Amino acid sequence: KIFYDHVVQPVLREDNEIGIRSLSETEDKIKDSFSLMSLFDSITYNKGASITWMLSGFLTEKLFIRAVTSYLKEFSFSNANQDDLWTHIQMVIDAQDEVQLPASVKQIMDSWTCQNGFPVLTLNLTTGTISQEQFLSKKNENSTDAYNNTWIIPISWMRNGSSQPLMWLDKSSKAFPEMQVSESEYDWILLNVNLSGYYRVNYDQVNLKRLARLLENDPKAIPAVSRFQLLDDIFALTQFGYIQIETALELTKYLAGEDELFIWNVVLLNLVPENLESTLKNYEVYPLLKKYLLKRMLPIYHYYAGFIRQNVDALEDDYFAQVYLEKLFATACWLGLQDCLNLSSELYAKWMDNPEYKIPFLIRRMVCCYGVAVGSDKEWNFAWEMYNHTDSTKEDKDILLSAMSCAKESWLLYRYLQYGLRHTLFSSNCTSVIISYVVAKGIGHRIAWEFVTENWPLLSERYGKELLHDVLKVMGRFVNTDIQIQELQVFYNATLEEDERAATTLLLEFTKFENMERRELLIKVANWLQQNVDD
């Protein structure tokens, strides 16, 4: 689970941008030391690991280890290239007859290492046809590739819960009669089981409906890693224009029965991304999202809240609780779950009574934020006092800097910004951090904007262009109307040099376009929620 969550999924997220390199580069492309250094990146490590994992899967672990052992023996204390590895694997394959491959090891693996990106498989279960194409944004079509974008793809699959023999797709499209499904809605198919291959899957509507229904009746019928992948694929397919957001939302109905934090995390990252919290808090989407998500989050929230209240040490070995519990709880509080807000106040009050008390590390940032948000100036002043404490660590300080921007009263936020500007405690980058924390909060963005415009001469003299760019980036997310854009434009024209104006105008235009797209998306989400919120 950790491997897919930390290695495969992050690289799938970035391996689809135009201009990203392939895993193996030819020597003439690596001319100088700069591009040599740039090869030590996530494509090399994460994609390399994912593809090696896929290779070990279709070879079987036994043969894979046998081949790697012989390869390491032969090249110990010397150099090798990737073809040497393929040769050793080929030797092991040729010496047995259990595993049959559709092509030589080199042909299969070159299709993964020498061309950039990865494929998306599209399934039509009425005909049993699978086709492949490079996974790229449907919003801008232009890709050229010497390999004509076909990969030799191992397909592990299951039907109605039982594993099937491995299949291979070695051309752009192929019919698999055994993958045709019947009329029965209990007849479903799952490809790339447990994410064993480095690709995404785009199912047809028939199969997606069946999978959604299956998840609602019996989520455990699909292995956890496959549930994770199903949701991750479907949100990525939405983002890149392959399918509509409504299709992805259908697959979230089952979530009340989902007890895996790493799966919840992938859903929340897509439905409540951190940089969009204030955009989502609009009157159309927020109340619907609140009702829809909270109903589904309660079981997993209460399960973990029990540990936080009674026996937090029991979570020490729960790796995903260490990394993802904070996001789950922060979302519950953001959605206004009373128990979550109470828990934050309780733990924060306990810390105020006894500064030696340690708020559980797993949710400390969230507790400090909502402790201040639910409280008054008393809670805020305590955070300020603790921030100024000499023995608080760098991480404590960052948590408190962020928490103080969670205040719900505008005068506290304004005072905080003034402290940031006038206080000797703060270095220049702290000031811009404070501004960007405040700007990202619901009520904070107007306050921060007023503050920046009023104090601009002092701010620009002290912190220069960097600060403006940081603030601009964050401000941009709230620019939804032409009026707001004009307001920003007027300010820039008065404060920026000519050469910088052009760049900012471009940034604003782009932001406006992004915001319009997001607006359309939110309307779709709101309409869907409206119809499904009571399910």
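Listed here are the residues, each with its yes/no results for (1) under 15 Å from the mean Cα position of the chain (by Cα); (2) of a type in the set (Lys, Arg); (3) assigned to a loop (DSSP other than H, G, I, E, B).
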{"site": "206", "(1), (2), (3)": "no, no, no"}
{"site": "211", "(1), (2), (3)": "no, no, no"}
{"site": "220", "(1), (2), (3)": "no, yes, no"}
{"site": "229", "(1), (2), (3)": "yes, no, no"}
{"site": "237", "(1), (2), (3)": "yes, no, no"}
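Checking each residue in the range 164-196 for being of a type in the set (S, T, N, Q) and within 29 Å of the chain's Cα centre (by Cα) picks out 192, 194, 196.
Of all the listed residues (364, 415), the sole one being touching a residue at least 24 places away in the same chain (Cβ under 8 Å), out of contact with any Leu (no Cβ under 8 Å at 6 or more places or on another chain) and either open to solvent by 10 Å² or more (accessible area, probe 1.4 Å) or in a helix (DSSP H, G or I) (or both) is 364. Residue under question is residue 408, and the condition is that it be touching a residue at least 24 places away in the same chain (Cβ under 8 Å) and open to solvent by 10 Å² or more (accessible area, probe 1.4 Å); does it hold? Taking the combined requirement at face value, the residue satisfies it. The number of residues in the range 67-80 that are open to solvent by 90 Å² or more (accessible area, probe 1.4 Å) and at negative phi comes to 4. Taken over the range 311-341, the criterion of being under 19 Å from residue 296 (Cβ atoms) and open to solvent by less than 10 Å² (accessible area, probe 1.4 Å) is satisfied by 321, 325, 328, 329, 331, 332, 333, 335, 340.
More than 27 Å from the chain's Cα centre (by Cα) and under 30 Å from residue 181 (Cα atoms): does that describe residue 63? Against the criterion (more than 27 Å from the chain's Cα centre (by Cα) and under 30 Å from residue 181 (Cα atoms)), residue 63 does not qualify.
Condition check ((1) in contact with a strand residue (DSSP E or B) (Cβ under 8 Å, 6 or more places away or on another chain); (2) surrounded by fewer than 17 Cβ atoms within 10 Å (Cβ to Cβ); (3) in contact (Cβ under 8 Å) with a residue 12 or more places away in the chain) across all residues:
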residue: 237; (1), (2), (3): yes, no, yes
residue: 243; (1), (2), (3): yes, no, yes
residue: 248; (1), (2), (3): no, no, yes
residue: 252; (1), (2), (3): no, no, yes
residue: 265; (1), (2), (3): no, no, yes
residue: 273; (1), (2), (3): no, yes, no
residue: 279; (1), (2), (3): no, no, yes
residue: 287; (1), (2), (3): no, yes, no
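Filter the range 27-49 for residues that are assigned to a loop (DSSP other than H, G, I, E, B) and at pLDDT 75 or above; which is most open to solvent (accessible area, probe 1.4 Å)? Applying the filter and picking the extreme gives 40. Looking only at the range 422-436, decide whether some residue is open to solvent by 10 Å² or more (accessible area, probe 1.4 Å) and either at pLDDT 95 or above or of a type in the set (D, E, K, R) (or both). Within the range 422-436, one or more residues are open to solvent by 10 Å² or more (accessible area, probe 1.4 Å) and either at pLDDT 95 or above or of a type in the set (D, E, K, R) (or both).
Residue check: is residue 217 farther than 20 Å from residue 522 by Cβ, crowded, with 18+ Cβ neighbours inside 10 Å and of a type outside the set (Ser, Thr, Tyr)? So residue 217 does not fit the description; no. Counting the residues of the range 518-533 that are without any contact (Cβ under 8 Å) to a residue 24 or more places away in the chain and either more than 23 Å from residue 293 (Cα to Cα) or part of a loop (DSSP other than H, G, I, E, B) (or both) gives 0.
Taking the criterion of being within 15 Å of residue 102 (Cα to Cα) and touching a residue at least 12 places away in the same chain (Cβ under 8 Å), the residues of the range 161-172 that qualify are 166, 167, 168, 169, 170, 171, 172. Of all residues in the range 487-501, those satisfying the criterion of being assigned to a helix (DSSP H, G or I) and within 36 Å of the chain's Cα centre (by Cα) are 487, 488, 489, 490, 491, 492, 499, 500, 501. Here the range 1-26 is the region considered, the condition is being of a type in the set (Asp, Glu) and part of a loop (DSSP other than H, G, I, E, B), and the residue that is modelled with the lowest pLDDT is 17.
The values are calculated or read from the model by the stated rules, or taken from the named source; none is laboratory data. Note that the coordinates shown come from a computational prediction; the quantities given were computed from them, not determined experimentally. Every residue, glycine as well, gets a Cβ built from its backbone with ideal geometry; the counts of neighbours run over all protein chains shown. We work out accessible area using only protein heavy atoms, side chains counted, and drop any ligands, DNA or RNA first. Shrake-Rupley method; radii C 1.70, N 1.55, O 1.52, S 1.80 Å.
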